[in-house]
Amino acid sequence: MASNVHFLMIPLMCPGHLIPMVDMAKLIAQHSATVTIVITPRNAARFGEVLHRVFASGHPIHILQLQFPATEHGLPEGCENVDDLPTFKLTKNFFNASAKLQEPLEDIFNDLKPRPSCIISDKNLTWTADVAKKFEIPWVIFDGMSCFTQLATHNLCVSKVHERVGDFDPFLLPGLPDEITMTKSQLPGLFNPGKSPEAKEITSTRGEIRATEIGAYGILINSFEELERRYLDEFRKVKQNIWCIGPFSLSNKNDLDKAQRGTNGSITNHESISWLDGQKPGSVVYVCLGSLTRLEPPQFIELALGLEESDSPFILVLKGGSRSEEIEKWVKEDGFEKRVKGRGVLIHGWAPQVLILSHPSIGAFLTHCGWNSTIEGVCAGVPMMTWPQFAEQFFNERLVVEVLGSGVSVGAKSVMYLGEESTGVVQVKRGEVCKVVKRIMDDGIEGLERREKAIYFREMAENAIEEGGSSRLNLKLFIEDIMLHTKKGLGR
Ligand code: UDP
């Protein structure tokens, strides 16, 4: 359909940004448009196998590898992804190193065939806007957030209501179709930057990102219209060219693609999957707080003991970062591992999340509400327990709990700041974890209603990406828009 149109995709190399971009690249290439994804060698090794399979099946998808100047920017050798950072205090260094990809990319740009028609970039990589400008092609952004978040962010930027409230005073989020209250302490960093020196430094970067994104030609969103229609309609009043083309994770049809999402290991036979095969349908609670959250040992212990107390079978994904050893020692020495043997599975490190979530034995998902995990939970058709950690995750919690009605909040009160987790504060106690698990797994009317809602949204998600579905249509419209743009030589 669109073989003369070529999308140059530039992801932020961080799992929550790169994984959906890879899925998106596959979806676009399946419409016969050429796609080149710009990544570094280690990311190519980690994410490339899936793309090679798409290429082998006849779709025009390519990887352009650029060397990442990690050590020149104070990062350890081989650190090419945000989840490789030894501490999130180095995030700014990572962004500086990423910006150095501009020059080699510009050098190679005119050799790319056909000439790229459009840049699809992570919005955080503001330098890509300069590349698009230089080569006179549209700059389309992807930031991996929901329509709810887009609208709430826009309205807060305009109204500045958060500047007139105390950190823990509930206030109404302005201009939303539903009455949603939050506190400033739950808002993302743009509105609630934290007090450390690093936080202050990042604040100016956030301002620059916001100012640049306003000039984007359009926005691609990993959501579908039926999920957040009223939020999308309102957002369309303030922003043109919004294409909801998700859920991207549904582009992974077979077990191998699901298992290799975000990792190069072949883990279709992951021990958690064989264990799940032996569990009752809808009985297991899956607990994973994303790719970046590193729970402090005291908080991890409360979570683990809460799950133990709940009596439900569970899978718990553990990413302790620099405190891993301490946590793993506790798991063994406290006897936790022994006590939950057979009933609980611990995954140390990377979990094949989409594969696990699609297993019929999964009955609920305890999530940190990163947008990818949230929409993956929607696609799984299971109710969610929401425990936001950082960034815009409290917005996603509100969407799931208050708008969709398919989740229950664990009760977190404020965001964490990546790199500043060592506050020693335990936000959620074991009793609260246990209570929320019992509530979500309950077979009473409230529990059944939540389950029905979750199944309803899953069916809608599946329909959205099928032929005739809203996201499939929006993707066609997006590609056609860029084709037209290219034909007319607009912007050149
Ligand atoms: N993910 C995964 N296994 C893990 C942790 C995360 O597959 O052990 C995937 C998850 O499915 C999602 C992404 O990594 O696609 C995380 O993105 P999200 O927006 O949920 O949260 P973030 O990691 O950015 O906080």
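For Glu462 and Thr203, the difference between the fully extended length at 0.36 nm per residue and the C-alpha to C-alpha distance is 89.4 nm.
Rounded to whole numbers, the Karplus 3J(HN,Hα) couplings from phi for segment 430-438 are 4, x, 5, 4, 4, 4, 5, 5, 4 Hz, using 6.51 cos²θ - 1.76 cosθ + 1.60 with θ = phi - 60°, and x at Gly and Pro.
The alpha carbons of segment 91-234 stretch over 55, 41, 20 Å along the principal axes, in descending order. Measuring how big segment 1-78 is from its alpha-carbon positions, Rg and Dmax come out at 13.3, 45 Å. In a simple Cβ point-charge model (Lys, Arg +1; Asp, Glu -1; nothing else charged), segment 238-294 has a dipole of about 280 debye relative to its Cα centre.
Between the alpha-carbon centres of segment 44-68 and segment 148-170 there is a gap of 40 Å.
Shown here are the Rg and Dmax of the Cα trace of segment 266-461, at 15.5, 46 Å. Legend: distances between Cα atoms for Lys26/Lys453; Lys100/Lys239; Lys100/Lys200; Lys113/Lys134; pairs beyond 19 Å are Lys26/Lys453; Lys100/Lys239; Lys100/Lys200. Using R0 = 25 Å, the C-beta based FRET efficiency linking Gln240 and Asn4 works out to 0.50. Once the Cβ-Cβ distance of Glu452 and Leu256 is raised to the sixth power relative to R0 = 30 Å, the FRET efficiency obtained is 0.40. The distance between label points at Leu473 and Leu112 comes to 3.1 nm (points 7 Å beyond Cα on the Cα→Cβ vector). Roughly how large, in nm² to one decimal, is the mean projection of the convex hull of the alpha-carbon atoms in segment 260-360? Quarter of the Cα hull surface area: 6.3 nm². So if I take the centroid of the Cα atoms in segment 225-258 and the same for segment 318-350, what is the distance between those two points in Å? So the separation of the two Cα centres works out to 36 Å.
As a proxy for reagent exposure, Met460, Met13 were ordered by neighbouring Cβ count within 10 angstrom, fewest first; the result is Met460, Met13. Near Val284, the amide H atoms lying under 5 Å from its own belong to Ile362, Gly363, Ala364; only residues 5 or more places off or on other chains count, and H is placed 1.01 Å from N. Taking amide H as placed 1.01 Å from N in the peptide plane, the amide H of Leu346 sits under 5 Å from that of Leu316, each at least 5 places away or on another chain. Counting lysine pairs in segment 294-423 whose alpha carbons fall under 24 angstrom apart, excluding pairs fewer than 8 residues apart on the same chain, gives 8. Sparse packing (at most 10 other Cβ atoms within 10 Å of the Cβ) combined with a DSSP loop state is found for the following GluC sites (Glu not before Pro) in segment 29-84: Glu77. Placing +1 on the Cβ of every Lys and Arg and -1 on the Cβ of every Asp and Glu, with no other charges, gives segment 1-131 a dipole of roughly 300 debye about its Cα centre.
Quotient of the Cα radius of gyration of segment 161-218 and 2.2 N^0.38 Å, N being its number of residues: 1.32. Sorted largest first, the spans of the alpha carbon positions of segment 56-172 along the three principal axes are 54, 35, 33 Å. Between Lys338 and Asp167, the contour length at 0.36 nm per residue exceeds the alpha carbon distance by 57.4 nm.
Relative to the current alpha-carbon distance between Asp178 and Asn96, full extension at 0.36 nm per residue lengthens the span by 25.6 nm.
In the chain, the ratio of gyration radius to Kirkwood radius, Rg to Rh, stands at 0.94 when only Cα atoms are counted. Rounded to the nearest 20, the Cβ-based charge dipole of the chain about its Cα centre (Lys and Arg +1, Asp and Glu -1) stands at 520 debye. Above 19 Å, the calculated P(r) of segment 134-200 contains 42 percent of its Cα-Cα pairs. Within the shell defined by Cβ-Cβ distances under 15 Å, the residues around Ile445 carry a net charge of -1, with Lys and Arg each +1 and Asp and Glu each -1. Each helix, a run of at least 4 DSSP H residues, gives -39500 (n - 2.57); summed and divided by the residues of the chain, these come to -12500 deg cm²/dmol at 222 nm.
Taking a sphere under 15 Å around the Cβ of His62 and counting the other residues whose Cβ falls inside, with K and R at +1 and D and E at -1, yields a net charge of +2. Model label sites at Arg210 and Lys429, defined 7 Å from Cα along the beta-carbon direction, differ in position by 3.7 nm. Residue order for Cys157, Cys379, fewest other beta carbons within 10 angstrom first, comes to Cys157, Cys379. Within the chain, DSSP assigns beta bridges of which about 5% are antiparallel (rounded to the nearest 5).
Rule-based calculations on the coordinates, nothing more; no lab input. Predicted model, so just to flag it, every value in this text is computed and none were measured. All Cβ positions, even for glycine, are placed from backbone atoms using ideal geometry, and neighbour counts span all protein chains on display.
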